[in-house]
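Peer 1: Before we start, here is the structure in question, set down as structure tokens.
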Amino acid sequence: MIVGTAGHIDHGKTALIRALTGVETDRLKEEKACGISIDLGFAYQDLPDGEVLGFVDVPGHERFIHNMLAGATGIDEVLLVVAADDGPMPQTREHLQILDLLGLSRGVVALSKIDRVDPQRLMAAEAQTRDLLQGTALADAPIFPVSSQSGAGVAALRDHLHQAAMRLPPRGTQGGFRLAVDRVFTLAGSGIVVTGTVFSGRVQLGDRLLLSPAGLDLRVRGIHAQNRPASAGMVGQRCALNVSGPRLEKSMIQRGDWVLAPEAHAPTSKLDVQLQLSPEEARALRHWSAVHVHLAAAHCTGHVALLENDVLLPGEKAWARLVLDQEIAALHGDRFVLRDQSARRTLGGGWVVDAAPPARHARRPERLQALHALSLSKPDQALNELLALQPGGVDLNAFCRNRNLHTFEAAALLEQMPMRQVAGFGFAPGHWQARKDEFCAALDSYHEQQPDVPGATAGLLRSRLTGFPPPELVTALIEELLAQGEIIRDGPWLHRPAYRARLSDADEALWLRIAPILSETGFQPPRVRDLARMLEQDEDRIRQCLRRLARLGQVLAVAHDHYFPRARVAELAAIVEQLAQAQERFSVTAYRDRIGIGRKLSIHILEFFDRCGLTRRRGDWRELRQPASNLFGRPAAGE
């Protein structure tokens, strides 16, 4: 169990930890010089059952509230310290407010410095403290009068904490490992050490982890769990990990970073949350207010975008989006606290619902319904609700990552769900069919609007579908519809089986004269002006005819006023593929030599293939992005 202190400056938190454990938690020269805690301090104590009780001592001064917040997240039991001579003070109230916002409900109150007061003052201080606790999660917490100087009451408090530790139910090690870094240092002969509270999962010697949000690879060389050498660490413990990595330096790691399993790495600067404005706040919170955000040991600035109204009243809850000024590593269920722009007072807090929200339409009713579904505590219930709500499908990888599910946990969840899985997305029964119907309807509509065009490209149809689905989902839609005979692929175009585009009679007659010329000139067909001169036709007439032919797919505009027969382009594309297969990448010169034409036209042809997505240019080289037949079909036999 981890116990965290809370309370006003100079109320004796550090002295009480020293009395309970014999450990001095103030370690900085500045702390020893001025007699107040500035940063987090740590102590440990052996329990009768062989376990270890950990203590996190936090500073009480308002200037160091950011350090208090870094230590308060992840503790199991609160030790709220109130000096009997002063009674509750401003930081007592603010710390108690923060504990509530972090959802910490287990705790005990130490009424300290009882050696300085008479019995009447002690009774008054206890009554004041009990009044302060009313309406909070610690309303029924026991109060122990203690003196760190005389030792009065310390044994009873220590025994209570030991009993609480033994009553603490065991925590499961589900989910990927996540440790919130609150300290980093180097040890001679060992190297870099990071310390923090383990939020989930389990780590073992030799494990490969990531530093997030930076994404640096780490290997675990050593573990101390609850201040003891160990071969493993787990959720609910304070751990020190001796880590190494490629060119890793201490300066690359900061308080607020996470050390975690690779599958839990998901840096984000936007968080959809359930936010509660503190009842103690004097005024409403307005949309797009600037705030300081504290999440685990991380601290950054950002803005609050309210998703339902433009103001949030004190004590009320609402859906909101935190738009941060830097990326952090957060996941579903993480608690956070907001402070005002000047970092002088606590505004409120809440918990993360979705760590990877969509960029657009955050305020739409459909999105608010999705947030309600995502807020359900059980992953299977949340996913089932989402599947019903989202006809466009649920990104299963994003869902499982947001819930911090191990690979095997994710597989077990997805296997039991009544859904259709396509390209990493899940669809409720009927929704996938509706998606295919929508695709076919979009293609039918395009045929009606463009009757002289051979079909639509996948990219064009994607833009006409609800929600602009990801390319891999559109590819899966097309492949299934092709297999079912609902659509036909003709080079880069898709069309319905019964659809036929055709030229006008005049254009058809002109095409019968143009086609032989384009075919006979091989890889170097004439331009529009040259065709017009050869056929003794008006240049604009030839140009308009070729444009209509291009829409039908008979020719392709490789460059301005330079049209190639479709079969010739397929042949040119096949040559590209052959070159790429032979040497992975190729130059303009190699392509020019292969097709036997001038360098300028060779460049135009390759730039056309770049635009089509057949090739990708990297400096003076090109590489193949996909098979040529996907875009242009196969060259006719004998070509």
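Peer 1: Among the residues that make up region 496-506, is at least one of them of a type outside the set (A, V, I, L, M, F, W, C), at pLDDT below 90 and not in a loop (DSSP other than H, G, I, E, B)?
Peer 2: Yes, the conditions are met somewhere in region 496-506.
Peer 1: Looking at region 156-163, is at least one residue in a loop (DSSP other than H, G, I, E, B), among the acidic types (Asp, Glu) and at pLDDT 90 or above?
Peer 2: No, the conditions are met nowhere in region 156-163.
Peer 1: To continue, here is another question. Tell me, which residue of region 589-622 that is of a type in the set (Asp, Glu) and over 20 Å from Ala570 (Cβ atoms) is modelled with the lowest pLDDT?
Peer 2: Here the residue is Asp620.
Peer 1: Only residues that are in contact with a helix residue (DSSP H, G or I) (Cβ under 6 Å, 6 or more places away or on another chain) and either in a helix (DSSP H, G or I) or within 15 Å of Ile514 (Cα to Cα) (or both): list them for region 555-570, please.
Peer 2: The answer is Val555, Leu556, Ala557, Asp561, Tyr563, Pro565, Val569, Ala570.
Rundown of residues vs (1) on the phi < 0 side of the Ramachandran plot; (2) at pLDDT below 95, yes/no style:
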| residue | (1), (2) |
| --- | --- |
| Arg283 | yes, yes |
| Ser289 | yes, no |
| Asn309 | yes, yes |
| Leu324 | yes, no |
| Ala355 | yes, no |
| His361 | no, yes |
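Peer 1: Pull up region 286-299, narrow it to residues that are among the hydrophobic types (A, V, I, L, M, F, W, C) and farther than 17 Å from Arg344 by Cβ, then point me to the one that is farthest from the chain's Cα centre (by Cα).
Peer 2: Trp288
Peer 1: Let me ask another. Being closer than 13 Å to Pro525 by Cα, of a type in the set (A, V, I, L, M) and crowded, with 18+ Cβ neighbours inside 10 Å, is that true of even one residue in region 559-566?
Peer 2: no
Peer 1: Looking at the structure I just gave you, is Ala388 closer than 24 Å to Gly333 by Cβ and either surrounded by fewer than 19 Cβ atoms within 10 Å (Cβ to Cβ) or at pLDDT below 95 (or both)?
Peer 2: The answer is yes for Ala388.
Peer 1: Answer yes if at least one residue in region 142-162 is under 23 Å from Gly333 (Cα atoms) and surrounded by 14 or more Cβ atoms within 10 Å (Cβ to Cβ), and no otherwise.
Peer 2: No; the residues of region 142-162 include none that is under 23 Å from Gly333 (Cα atoms) and surrounded by 14 or more Cβ atoms within 10 Å (Cβ to Cβ).
Peer 1: If you don't mind, another one. Find the strands (runs of 3 or more DSSP E) located wholly in region 584-633 whose residues include 3 or more that are surrounded by fewer than 18 Cβ atoms within 10 Å (Cβ to Cβ), and list them.
Peer 2: 615-618
Peer 1: Is it the case, given these coordinates, that Thr136 is surrounded by fewer than 23 Cβ atoms within 10 Å (Cβ to Cβ) and either of a type in the set (Ser, Thr, Tyr) or assigned by TED's automatic domain parsing to the domain that holds Arg228 (or both)?
Peer 2: So Thr136 fits the description; yes.
Peer 1: Condition (residue is in contact with a Lys or Arg (Cβ under 9 Å, 6 or more places away or on another chain), of a type in the set (A, V, I, L, M, F, W, C) and modelled with pLDDT of 90 or more) applied to region 86-99: is it met by at least one residue?
Peer 2: For region 86-99, residues in contact with a Lys or Arg (Cβ under 9 Å, 6 or more places away or on another chain), of a type in the set (A, V, I, L, M, F, W, C) and modelled with pLDDT of 90 or more: absent.
Peer 1: While we're here: Could you list all residues from region 352-383 that are crowded, with 18+ Cβ neighbours inside 10 Å and either aromatic (Phe, Trp, Tyr) or assigned to a helix (DSSP H, G or I) (or both)?
Peer 2: Arg367, Ala370, Leu371, Ala373, Leu374, Pro379, Ala382, Leu383
Peer 1: Could you check, for region 541-549, whether at least one of its residues is farther than 28 Å from Thr475 by Cα, among the hydrophobic types (A, V, I, L, M, F, W, C) and part of a loop (DSSP other than H, G, I, E, B)?
Peer 2: Scanning region 541-549, I find no residue that is farther than 28 Å from Thr475 by Cα, among the hydrophobic types (A, V, I, L, M, F, W, C) and part of a loop (DSSP other than H, G, I, E, B), so the answer is no.
Peer 1: When you scan region 518-531, how many residues do you find that are without any contact (Cβ under 8 Å) to a residue 12 or more places away in the chain and either farther than 27 Å from Leu606 by Cβ or among the charged types (D, E, K, R) (or both)?
Peer 2: Residues that pass the stated criteria total 2.
Peer 1: Only residues that are assigned to a strand (DSSP E or B) and not charged (D, E, K, R): list them for region 278-299, please.
Peer 2: Matches in region 278-299: Leu285, Ser289, Ala290, Val291, His292, Val293, His294, Leu295, Ala298, His299.
Peer 1: To continue, here is another question. When Val81 is evaluated against the numbered criteria (1) over 30 Å from Leu275 (Cβ atoms); (2) touching a Lys or Arg at 6+ places or on another chain (Cβ under 8 Å); (3) not charged (D, E, K, R), which criterion, by number, is the only one it fails?
Peer 2: (1)
Peer 1: Does Gln276 fit the bill of being closer than 30 Å to Glu316 by Cα, over 21 Å from the mean Cα position of the chain (by Cα) and in contact (Cβ under 8 Å) with a residue 60 or more places away in the chain?
Peer 2: So Gln276 passes the test.
The values are calculated or read from the model by the stated rules, or taken from the named source; none is laboratory data. Note that the structure is a prediction, hence the values are computed from the model and not measured. Methodologically, a virtual Cβ is constructed for each residue, glycine included, from the backbone with ideal geometry; neighbour enumeration extends over all protein chains shown.
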